[in-house]
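The structure under discussion appears below in the form of structure tokens.
Just so you know, all these numbers are worked out from the coordinates, no wet-lab data involved. What you see is a predicted model; the values in this text were computed from it and never measured. Every residue, glycine among them, receives a Cβ derived from its backbone with ideal geometry; neighbour counts consider all protein chains shown.
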């Protein structure tokens with residue numbers, strides 16, 4: 001029975017070692033925050049979110065996937081925003097932008113992701129982001145060489161100027177297409 | 001019953017050939033592997049948990065094959081230019097095809113261990129139709145990347 005007890009200490013030590021190591025090796029992206037805006041950690045597990053759609057901006061040489069958290073996916077599937085209702089509080093989406101490249105090893109040379117370019121997030125919180133349509137925005141640019149992210153801007157309003165074009169769709173450009 | 005199904009929605013998961021569509025039940029919620037834009041189309045490539053875990057463990061770059069049960073789905077849309085975005089960007093228009101490949105080294109031993117199944121989507125009828133007679137249809141193309149266990153798509157870092 002006593003053999004079981006030391007394990008938590010070992011785990012704590014291992015975690016501390018990893019955290020200590022992180023400072024001199026990989027960046028902890030979840031420690032980042034847009035000043036006066038959303039923190040990266042508000043979008044934890046965005047890597048696991050479901051796909052809303054994909055897009056390709058050829059002149060910017062970017063290709064992207066738009067994913068959303070369960071709250072937002074359910075909202076899309078219930079007909080929002082086409083039914084005139086707003087996305088619920090806690091809805092979150094992420095645009096994962098990659099630099100685009102031609103895949104010359106594939107039939108037809110399709111355009112596919114190369115390196116990561118940036119991550120764009122938006123989060124619905126009507127009170128906190130009352131002056132930007134209820135949405136807070138956060139962009140983190142990625143630097144491939146140093147494998148680090150850097151927050152862009154000084155508040156959570158960076159997306160509002162563009163997204164106001166689609167105010168009637170609760171400020172969300174991306175449609176949920178049939179699949 | 002037949003009359004009823006003809007006038008209502010097709011149950012895509014009842015399709016059996018070239019492989020049962022139900023083999024990828026729930027693919028609408030699978031995680032994204034990557035995206036791609038062949039001519040005039042745009043697609044999302046998603047994988048089941050076994051496939052995603054395999055990618056994350058370093059397969060196929062580490063020389064190991066994907067495990068049995070790994071499944072990859074390509075959701076292919078026609079594209080259109082967004083009429084709303086403040087810059088030119090191509091977005092999905094209408095669903096065009098759903099294609100999948102699944103790993104079963106024994107069942108598909110004569111096509112590299114992978115079975116292939118492409119389905120064409122007819123938006124007007126809201127129905128899928130198989131576009132291959134057998135599960136080997138993808139093998140001819142995919143053999144180009146036999147060194148990557150016949151998988152073209154790389155797991156895009158995010």
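Once the Cα atoms are used to define both axes, helix A:6-24 deviates from the longest principal axis of chain A by about 60 degrees. Derived from the Cα gyration tensor, the three semi-axes of the equivalent ellipsoid of the stretch A:27-169 are 26, 20, 14 Å, largest first. The eigenvalues of the Cα gyration tensor, multiplied by 5 and square-rooted, give the stretch B:32-148 an equivalent ellipsoid with semi-axes of 28, 19, 12 Å from largest to smallest. Taking a label point 7 Å from the Cα of residue A:77 along the Cα→Cβ vector, which residues of the stretch A:87-106 have an amide N closer than 16 Å to it? Taking a point 7 Å out along Cα→Cβ of residue A:77, the residues of the stretch A:87-106 whose backbone N falls under 16 Å are A:88, A:91-92.
The length gained on full extension between residue B:129 and residue B:83, counted as 0.36 nm times the residue separation minus their Cα-Cα distance, comes to 13.5 nm. Mean partner shielding of peptide A:63-70, defined as the number of other chain Cβ atoms within 10 Å of each residue Cβ, is 3.
Each of A:64, B:28, B:99 was scored by other Cβ atoms within 10 Å of its Cβ. Listed from fewest to most, they are B:28, B:99, A:64. Distance between the modelled labels on residue A:127 and residue B:25, one decimal in nanometres: 4.3 nm (7 Å Cα→Cβ projection).
Only Cα pairs under 8 Å and at least 6 apart count here; give the relative contact order of the stretch A:27-169 as a rounded whole percent.
Working: 291 pairs, mean separation 32.7, N = 143.
Relative contact order for the stretch A:27-169 comes out at 23 percent.
The Kirkwood hydrodynamic radius of the protein assembly as shown, based on inverse pair distances between different Cα atoms, is 21.8 Å.
Other chains' Cβ within 10 Å of A:107-120 residues: what's the mean?
The per-residue average across the peptide is 4.
Evaluate peptide A:46-54: per residue, the Cβ atoms of other protein chains within 10 Å of its Cβ; return the mean as an integer.
Details: counts 1, 6, 3, 2, 6, 10, 3, 7, 15.
The mean count of partner-chain Cβ atoms within 10 Å per residue comes to 6.
Taking the centroid of alpha carbons for each part, the stretch B:100-158 and the stretch A:82-135 are 28 Å apart. Annotation: the residues A:91, B:57, sorted from fewest to most other C-beta atoms within 10 Å of their own C-beta, follow the order B:57, A:91.
Taking the number of other C-beta atoms within 10 Å as the exposure measure, put B:90, A:72 in order starting with the fewest. Don't jump to the answer; show the numbers that get you there.
Numbers: B:90 22, A:72 26.
Exposure proxy ranking, most exposed first: B:90, A:72.
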